[in-house]
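Worksheet: one structure, shown below.
The values are calculated or read from the model by the stated rules, or taken from the named source; none is laboratory data. In this text, all values refer to a predicted model and were calculated from it rather than measured experimentally. Cβ placement follows ideal geometry from the backbone for every residue including glycine, while neighbour counts extend to all protein chains displayed. The protein model used for the area step is the full one, side chains on, heavy atoms only, and it has no ligands, DNA or RNA in it. Shrake-Rupley method; radii C 1.70, N 1.55, O 1.52, S 1.80 Å.
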Amino acid sequence: MLTIEGLSVKRGGVQALREVTLHVDEGEIVSLVGANGAGKSTLLYAIAGSLPISSGRIEYQGQALNGMSPERTARLGIGLTPEGRQIFGTLSVLDNLLLGAYVDYAGHWRDLLGNIKRIANDDSVRERLATVYDLFPILEERQSQDGGNLSGGEQQMLAIGRALMSSPRLLLVDELSMGLAPNLARQLLGLLGRMRDLGLTILLVEQDARAALKVAERGYVLETGRIVAEGTASELLNSDRIQKAYLG
């Protein structure tokens, strides 16, 4: 589904990625692990079209993404759950979710909030909402509450739910466990399997390497912008070298 070859990206004048090559097959959960500053988030934002590419290529289902805008990548079926969640704190939970479906209404973006009610009455959007609420029942209970008043864990659920509202086929998840209690982080990571069962392919960026590899089929280790190891999740978890260098 996703093929990256020789990808190099500069961020703020710094070479953040250096000739990165990886692939994600349809129906997989693939984890990209590494320390802070390794370039993990940069890779996701380059895939989503938010950062320019210096060299190399990115293909999604055989289509080149180089130079493509975030709006176009979203329309192709790529969803992003960003680091730090980036929800709209003064909008309700429901409105945050409905804005995730706005990719279907891109021609009317100038009256974005004015079209919320029309979007909410769309049968397809109602089905997506039902799916999100099935995954995260607390969001349905809190749908009238402002997003900024949710707990950190609930905001992470909202960020994931908003991404799911665009009906992605490939979901990019950036630092799912950041700022969350360990039990809640494990709960959310465990839900990735259910999302895959709904037809999603997932590329997961995560500092908690051990937890990320436990929910993935395969993994890549990124260090200072380069892929330094790859393999099945079990191979990486059982490698003495990877254990000492990255897993503790």
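Quick rundown of the values:
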read-out: Strands (runs of 3 or more DSSP E) (entirely within region 1-64) containing at least 1 residues that are of a type outside the set (Gly, Ala, Ser), without any contact (Cβ under 8 Å) to a residue 40 or more places away in the chain and open to solvent by 50 Å² or more (accessible area, probe 1.4 Å); value: 14-24
read-out: Unique match (being touching a Phe, Trp or Tyr at 6+ places or on another chain (Cβ under 7 Å) and either among the basic types (Lys, Arg) or at pLDDT 95 or above (or both)) among Leu22, Leu17, Leu43; value: Leu22
read-out: Search result, residues across region 195-231 that are part of a strand (DSSP E or B) and open to solvent by 50 Å² or more (accessible area, probe 1.4 Å); value: Glu223, Arg226, Val228, Glu230
read-out: Enumerated helices (runs of 4 or more DSSP H) restricted to region 122-194, each holding at least 3 residues that are over 16 Å from the mean Cα position of the chain (by Cα); value: 123-135, 137-141
read-out: Test: residue in region 103-113 that is hydrophobic (A, V, I, L, M, F, W, C), at pLDDT 90 or above, open to solvent by 40 Å² or more (accessible area, probe 1.4 Å) and more than 16 Å from the chain's Cα centre (by Cα); value: no
read-out: Some residue of region 56-63 being at pLDDT below 90 and touching a Leu at 6+ places or on another chain (Cβ under 7 Å); value: no
read-out: Hits in region 238-248 - residues which are open to solvent by 30 Å² or more (accessible area, probe 1.4 Å) and either more than 16 Å from Ala211 (Cα to Cα) or part of a helix (DSSP H, G or I) (or both); value: Asp240, Arg241, Gln243, Lys244, Ala245, Tyr246
read-out: Residue that is modelled with the lowest pLDDT [pool: residues in region 65-102 that are surrounded by 14 or more Cβ atoms within 10 Å (Cβ to Cβ) and acidic (Asp, Glu)]; value: Glu83
read-out: Of residues in region 136-159 being in contact with a strand residue (DSSP E or B) (Cβ under 9 Å, 6 or more places away or on another chain) and open to solvent by less than 30 Å² (accessible area, probe 1.4 Å), the one farthest from Pro82 (Cα to Cα); value: Gly147
